[in-house]
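Okay, so here's the structure we're looking at.
The values are calculated or read from the model by the stated rules, or taken from the named source; none is laboratory data. This is a predicted model, so every value here is computed, not measured. Cβ sites come from the backbone with ideal geometry, for glycine too, and all protein chains shown count toward neighbours.
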Amino acid sequence: MDPAGLNRRVLRWSVGAAVALAAIASLLDASARRNGTLFAVTNEVGMSIHPPTALGLWFQDALGRANQRLAAQAEEVVLMVSGIPVTIKGDRA
């Protein structure tokens, strides 16, 4: 791939990452302004194999960053493993 094509691809991915992170920030802002409980269900991508494509790697990284931001703001984080809840953060009895 020529350097100009690579630069365009990197720019598109950077813009896409910024859009994804802005969407997460918007979700966190909205949840902070409301009463009640927000349940976010998402895939854990850090325990899987690495995708063989550049787009797959971008998706894995973007979702990982989104999950980190959600978990940082959450009072409780529970990882489900084979139907068994594993508390990562919070007081779950």
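Scanning region 43-69 for residues that are assigned to a helix (DSSP H, G or I) and either among the charged types (D, E, K, R) or at positive phi (or both) yields Asp61, Arg65, Arg69.
Close contacts from region 22-38, counting a first residue that is more than 12 Å from Ala66 (Cβ to Cβ) and a second that is outside any loop (DSSP other than H, G, I, E, B), with Cβ to Cβ under 7 Å and a gap of 6+ residues or different chains, come to Leu38/Ser31. Quick check on Arg33: is it surrounded by fewer than 14 Cβ atoms within 10 Å (Cβ to Cβ) and of a type in the set (D, E, K, R)? Yes.
With respect to Ser26, determine if the residue is more than 20 Å from Ile88 (Cα to Cα) and modelled with pLDDT of 90 or more. Walk me through how you get there before you give the answer.
Values: more than 20 Å from Ile88 (Cα to Cα): yes; modelled with pLDDT of 90 or more: yes.
So Ser26 fits the description; yes.
Looking at region 11-42, which of the residues that are part of a loop (DSSP other than H, G, I, E, B) and touching a helix residue (DSSP H, G or I) at 6+ places or on another chain (Cβ under 7 Å) is farthest from Val86 (Cα to Cα)?
Filtering region 11-42 for residues part of a loop (DSSP other than H, G, I, E, B) gives 33-42.
Narrowing the set further to residues that are touching a helix residue (DSSP H, G or I) at 6+ places or on another chain (Cβ under 7 Å) leaves 38, 40, 42.
Working: Leu38: 19, Ala40: 16, Thr42: 15 Å.
Of everything passing the filter in region 11-42, Leu38 is farthest from Val86 (Cα to Cα).
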